[in-house]
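Peer 1: One structure, as structure tokens, below. Some questions next.
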Amino acid sequence: MKICVSIFLILGCLSSLVSTFSNGLVYKACDTMKPEHGTTVAQSTKPPYNISASKYSYRPADEITVTLQANPGTYFQGFLLQARTIPGNEIVGHFIVTAPNSQNLNCGNVNSTVTHKDSSSKSSLSALWVAPASVSRVIFKATILQSKPVYWVGIESPELTVLINSSATSSPTVSSTAASNISSQPSSITISMETTTSASSNPPPTYISSETCGTQKICLSNPSGCDPSKTTNCFFMSSVKSDNGAYHFEMSGPSGGYVSIGFSDDQLMGSDDIYICVINSNGQVEIQHAYSEGRMSPLILPLSNVDVRMSSFNNGVIQCSFTSRNQISTQPPIQQSRSSNSSDMYFILMAYGSSDNGRIRFHGPGVFYSDAKVNLLATSNVTHKENSKHIMVKTHGALMLIAWMTTGSLGMIIARYIKTAAKTPILGKALWFQSHLILMVLTVAATIVSFVLSFVQAKGWAHDVSIHAIIGCIVMILAFFQPLIAFFRPSPDSSQRFFFNWFHRINALVMKVLAVANLFLGFQFIDHRLGWMVKVMGGFVGWEALTIICLEINAYMARKEMKKLADVEKRVSVKSELYLLLIYLCGNLTFLIALLVGIAQS
């Protein structure tokens, strides 16, 4: 037992040091920008690389091309690029990836960092940086790796400064026309304002709040129940229909590009009436009315019968409030005329993403929607439903975790170590064999379902196939053939049985190793901050390794004792395998439940 405990401690220490950085998922370096390469230290010589920007003065929401360039004859394999404030050294803005061998990291803020996607040699690389609203002085910093032991930390670009826009003000102003109409507006909107863009670092704007949700207006928010007047991390919309048929809309959300709402007959993008609050080329927020045709840019409609009450981009949050006298319609616009739907029941969708000079980009996973049709004539707090793609990704991860860290592991351990302790026949076969069969069938079934879910979520093959996807396909193929070959296995006394046994074992081992490696890659996708989940997964693997070592030691000791003990004593000695199996199962389920909770909350 002391040997097993010592081995477990050693494995725990080693597992905490194991990291894979060749795929660029270096979340641990988010703050310090220092790669964890053991005893190696950063170079102190002048780096053979430089960072340049397409311009060195900017307005809020401007897109600036940032380029990493190696000196002639030099290359780099990895990098980490961020924008930092002066002073404060805080990570600001977000990046839009433009190079195929780069990817985003969420270092505190969404897409706030760019890093490499592989370890191929690169001489230059560019990305688009979207400027925030609440910063005046910025510098780009990068860590660049020429090779694993040779790297430079904190390479800096020239300083960027913000342009003072005379047309923007630091606080909203009330127009005389709008002020005269205040008393006639619903109580959910307390003030009318001109369009303005604010570049202050004040708390979230208080023009839009959830105070009267459910009593005077319909509200949809993510996280559910959040108040945009109290936190910047709140996507929010509200709607009120007045007696004259006009709709009063409010939108708010943390985004450097746009936030939008849509009204649909279903929970899918396409055939939707949408309104967009988007940052234009002047850094100001404008309102757009559009019709969504599905997986393509929406058709922008003339902004008629819409009165803008307020719009702002403040502290990284887009907000807008406006009145529309257009009837909501999910019918396509034909010859400038649209027929309204006979019902006021719609699914409400909300999406956000980046923009390019007033043109919105694809929202990606940045979308959620009401879990049922909403009556726009009523007032209610609408509950939102998570994007089905997210649910499929989480289900995929949970099934693979259960399959290859619990059912698959138990099936393999039983087949190798519990044969002697579970020889009792059940339905004509030994108990160990029936248990092994059931567990491995469950493993293969879970793997197949998980594979199909990932394929459905991606809608076929992606153009940019990841290592995770490639390994997953290999595991799927091996898992499919494993039971098929087992079905045609030779009899125990056949001379061909030897070949089957070894092939069966090697194939299972290869599947297990690839599946576990892929689980680590998968957790790096799910747990974007690379926090406790990957560490728990490392403990999970360490616990299983410790169990197998203990079982091997026990089996070795049992073989030595079998030569000396009587038959009765031999039967008693097998209890230790069952005790070890029970202890392993308790630990296994503890790790499994913790990770499943993490997947659900990610």
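Peer 1: Out of the residues in the stretch 276-294 meeting the condition of being part of a strand (DSSP E or B) and more than 17 Å from Val317 (Cβ to Cβ), tell me which one is modelled with the lowest pLDDT.
Peer 2: Ser292
Peer 1: Do we find a residue being in a strand (DSSP E or B) and at pLDDT below 85 anywhere in the stretch 389-396?
Peer 2: Within the stretch 389-396, none of the residues are in a strand (DSSP E or B) and at pLDDT below 85.
Peer 1: A further question follows. Take the residues in the stretch 394-434 that are small (Gly, Ala, Ser) and over 30 Å from Met533 (Cα atoms); name whichever of them is surrounded by the fewest Cβ atoms within 10 Å (Cβ to Cβ).
Peer 2: Gly428
Peer 1: Hey, any hits in the stretch 464-474 for a residue that's modelled with pLDDT of 85 or more and surrounded by 19 or more Cβ atoms within 10 Å (Cβ to Cβ)?
Peer 2: No, there is no match, as no residue in the stretch 464-474 is modelled with pLDDT of 85 or more and surrounded by 19 or more Cβ atoms within 10 Å (Cβ to Cβ).
Peer 1: Further question: Take residues that are of a type in the set (D, E, K, R) and modelled with pLDDT under 90 and tell me which of the strands (runs of 3 or more DSSP E) falling wholly in the stretch 34-141 contain 1 or more.
Peer 2: Correct list: 63-70.
Peer 1: Output yes when any residue across the stretch 230-247 is among the acidic types (Asp, Glu) and modelled with pLDDT of 85 or more, and no when none is.
Peer 2: Checked against the condition, which is being among the acidic types (Asp, Glu) and modelled with pLDDT of 85 or more, the stretch 230-247 yields no hits at all.
Peer 1: Look at the stretch 577-602 and say how many of its residues are within 15 Å of His396 (Cα to Cα) and either among the small types (Gly, Ala, Ser) or touching a Ser or Thr at 6+ places or on another chain (Cβ under 6 Å) (or both).
Peer 2: Adding up the residues that qualify gives 4.
Peer 1: Of all the strands (runs of 3 or more DSSP E) wholly in the stretch 296-344, which have at least 2 residues that are under 35 Å from the mean Cα position of the chain (by Cα), over 30 Å from Asp227 (Cβ atoms) and modelled with pLDDT of 80 or more?
Peer 2: Correct list: 299-301.
Peer 1: Considering only the stretch 240-261, state which residues are surrounded by 24 or more Cβ atoms within 10 Å (Cβ to Cβ) and either over 23 Å from the mean Cα position of the chain (by Cα) or of a type in the set (S, T, N, Q) (or both).
Peer 2: Glu250, Met251, Ser252, Ser255, Ser260
Peer 1: If a residue must be surrounded by 21 or more Cβ atoms within 10 Å (Cβ to Cβ) and farther than 13 Å from Thr67 by Cα, how many such residues does the stretch 113-139 contain?
Peer 2: The number of residues fulfilling the criteria is 8.
Peer 1: Restricting to the stretch 220-239, count the residues that are surrounded by 20 or more Cβ atoms within 10 Å (Cβ to Cβ) and either free of Cβ contacts under 8 Å to residues at least 60 places away in the same chain or in contact with a helix residue (DSSP H, G or I) (Cβ under 8 Å, 6 or more places away or on another chain) (or both).
Peer 2: Looking only at that region, the number is 3.
The values are calculated or read from the model by the stated rules, or taken from the named source; none is laboratory data. Here the structure is a predicted model, which is why all the values come from computation and not from measurement. Cβ coordinates were reconstructed from backbone atoms using ideal geometry, including for glycine residues, and neighbour counts include every protein chain displayed.
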